[in-house]
1. For Cα extents along the principal axes in Å, which listed value, (i) 120, 68, 36; (ii) 55, 47, 39; (iii) 74, 49, 36, comes from the coordinates shown?
2. Normalised radius of gyration for region 191-333, please: alpha carbon Rg relative to 2.2 N^0.38 Å, two decimal places.
3. Check which residues have an amide H placed less than 5 Å from Phe54's amide H, if you skip close sequence neighbours.
4. What ranking, highest mean first, results for peptides 183-190, 312-319 when packing means the other Cβ atoms within 10 Å averaged over each residue?
5. Quick one: angle between helix 35-49 and the longest Cα principal axis of the chain, in degrees between 0 and 90, rounded to 10, please.
6. For the chain, what relative contact order do you get, as a whole percent, if you take Cα pairs closer than 8 Å and at least 6 residues apart?
7. Mind jotting down the three principal axis lengths of region 169-271 based on Cα atoms? Whole angstrom, largest first.
8. With both partners inside the chain, how many of the DSSP beta bridges are antiparallel, as a percent to the nearest 5?
Amino acid sequence: MALQIKIDFRQLNTFLTIANTGSFSRASEKLFIAQPALSRQIRLMEEALNVQVFFRHGRGVVLTPAGELLYQKAQAILQDLERTQASVSAIAGEVTGQVVLGILPTAAYSFSGGIIEEFRQSYPQVSLAVKSAMSGTLQQLVAQHRVDLAITYSYSKQKHLHYTPLMEERFYLIANPASPLSGRDSVSLSEVLDLPLIMPEEKHGLRELMEREAMKLQQKLSLAMEVNAWPLMTDLVRRGLGYTVLSYASVHEMLERDEVIAIPITNPTLFRSLSIVTPRDLPPTLATLKLAETVMKQVTLQVKQGIWKGRALFDENSLDGLNAPSHFGVAEE
């Protein structure tokens, strides 16, 4: 029996654009289509479905309950179409399509720039988007298929996500160069806990780690300020308003400019692990696999250059779980 399709991909794309912008006029500007034409597409789609998908109000539109369901389904349909197109193109040896990379704010500056530069040079036909968010948020975005691949901490593993170990990095005390601790080869965790620390809020992975380690030593964090914006946190340290704890790579450029210093923390030495996270319920496109390889190449390079202090956790077989042919080296400490 032949299927009778009552709506088309153009209507779905128009619907998603209006839903994302919250306005027919803004969607018209984004799509370069006259507003009456957009209104007609939505009207025809609503008639075909026999349901209203938008509530109109003075400031724009919001989705109806039926519209919210259509929004979820339409996203999945168009993503699947895009993946199909990319897979067919891959048969001819072309890497095409779109891929969304999620990355942590503390890694965004020193690390993601190298990834983006290499990936765009190697695969110019792939549209690459980048989202920066905290680890837990990134994992949610991957689970919702809003991010194809994310680099996150591994502290909250979820069964519907695939984790590929990437990197184990060491924590350092970050201080102003004029700090009394300047010149020290190391600083104990007990000493760190007594310093005026600038830390993110409690739900942040770094803060949770520091709170756990403080409890083991029967101490408490000495908080000077709670700051969630990483650039502001490091700027306050640069101004001498407190100390923080971060990886070496997080402040590499500031270290190069002598704006801050990084002192290794000992007794105990603190580490955290990073992973590449992808959805388990959706096979990766060739573009996603190539992005994963690019990420690993950049880790290898930055560890060897001393930008990233730590050790790689992957080898030539690490992407087998993603069905990825890989040809990258293994970084050494």
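Every number in this text was worked out from the coordinates using simple rules, so none of it is lab data. Model, not experiment: these values are computed from the prediction. Cβ placement follows ideal geometry from the backbone for every residue including glycine, while neighbour counts extend to all protein chains displayed.
1. (iii)
2. 1.24
3. Amide H neighbours of Phe54: Thr64.
4. Answer by packing, highest mean first, reads 312-319, 183-190.
5. The angle comes out near 80 degrees.
6. Computed value for the chain: 19 percent relative contact order.
7. Extents along the principal axes: 36, 28, 24 Å.
8. 65
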